[in-house]
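Down below is the structure, laid out as structure tokens.
The values are calculated or read from the model by the stated rules, or taken from the named source; none is laboratory data. These figures come from a predicted structure and were not determined experimentally. No Cβ is skipped: glycine too gets one built from the backbone with ideal geometry, and neighbour counts run over all protein chains shown. Protein only, heavy atoms only, side chains kept; ligands, DNA and RNA dropped before computing areas. Shrake-Rupley method; radii C 1.70, N 1.55, O 1.52, S 1.80 Å.
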Amino acid sequence: MDVHEMLLKVQRGEVDLAEAEDYFKKLPYEDIGCAKIDHHRGLRSGFGEVIYSPGKTLEHMVRIFQSFASRQENVLATRASREQFEAVHAVIPEAVYEEASQTICLQYEKPELIGNVVVCTGGTTDIPVAEEAARTAEFFGSRVNRIFDVGVAGIHRLIARLEDLRAANAIVAVAGMEGALPGVVAGLVEHPVIAVPTSVGYGAGFHGLAPLLTMLNSCAEGIAVVNIDNGFGAGYMATQINRLAVNGNTLSGHGAEREDGNGGER
């Protein structure tokens, strides 16, 4: 629940003033010791906080999720381990884990999925990064179409899905090896392509550096490149583009947050 929703509940008499005052005391952020939870971010940007899980202790993960659960706020954790999920789930049973994307999702209000974002991969080994992008976009309210294993080694597989690619408001193209997929896709469509290099490949791939350089140097127009394995960043950007495509220039931070009230990585 965000600020707007709380004010509506007070107006309707569903929440008393004492409860509302307690809620607002924790704005714009709540200091829980191990972290400062930015509950105001959704109001500012239309995307509330997302938890980056690596390096966080089980205790810290639980305390962070408890902060969101106590306010009935949606939250997504990326790069989460099964062990971290089990610790959170033991305290908050509503939390859901997805193995492929390594995400923990806590949603009290699921957004209506809008628009069309395509997430495609060069190969099946790129799927974990692609799923992080897809799950992020879905969490923030985008309808996602997954098109996996359509790399340039068998380009007829990509051409067969050309109609789906051209129907998207934004395309996330995930590839390792030489990273040619985003450039090829961008040469076939009129909408923005977000390129995600992955650390998939042999020795000369340098853990994703080779596809990163390929994508940065692509001669095809309309490509934005995120960092190596950064599925989250790609899914976030795709949702921003998708929202604008659906809602036009009338969209503001306030309008965006009414859709889902979440986003922005910690």
Counting only residues 5 or more places away or on other chains, whose amide H sits under 5 Å from the amide H of residue 115 once H atoms are built in the peptide plane?
143
Taking R0 as 45 Å and r as the Cβ-Cβ distance between residue 66 and residue 100, the FRET efficiency 1/(1 + (r/R0)^6), rounded to the nearest 0.05, comes to 0.95
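Please state, to two decimals, what the Cα-based radius of gyration of the stretch 131-244 comes to when divided by 2.2 N^0.38 Å (N = residues). Intermediate values should be presented prior to the final figure.
Working: Rg = 13.0 Å, N = 114, 2.2 N^0.38 = 13.3 Å.
Output field value: 0.98.
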Full extension between residue 108 and residue 160 adds, at 0.36 nm per residue less the Cα distance, a length in nm of 14.9 nm
For residue 73, other-chain or 5+-apart residues with amide H closer than 5 Å (H placed, Pro excluded) are none
Leaving out ligands, DNA and RNA, and with a 1.4 Å probe, what % of the accessible surface on the stretch 169-238 is carbon or sulfur?
60 percent
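Which whole-number percent is the relative contact order of the stretch 99-146 (Cα, under 8 Å, 6+ apart)?
Numbers: 55 pairs, mean separation 24.3, N = 48.
About 51 percent, as a whole number.
Over the stretch 117-252, what relative contact order in percent results from Cα pairs under 8 Å that are six or more residues apart? Walk me through the intermediate numbers first.
Working: 304 pairs, mean separation 37.2, N = 136.
Worked out over the stretch 117-252, it gives 27 percent.
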Sum up the charges of everything whose Cβ sits under 13 Å from the Cβ of residue 168, counting Lys and Arg as +1 and Asp and Glu as -1, but leave residue 168 out.
+1
For a protection proxy built on the mean count of beta-carbon atoms within 10 angstrom, sort 178-184, 229-235, 200-206, 50-56 highest first, please.
229-235, 178-184, 50-56, 200-206
Using a probe radius of 1.4 Å on heavy atoms only, what accessible surface per residue do you get for the stretch 97-237? Whole Å² is fine.
42 Å²
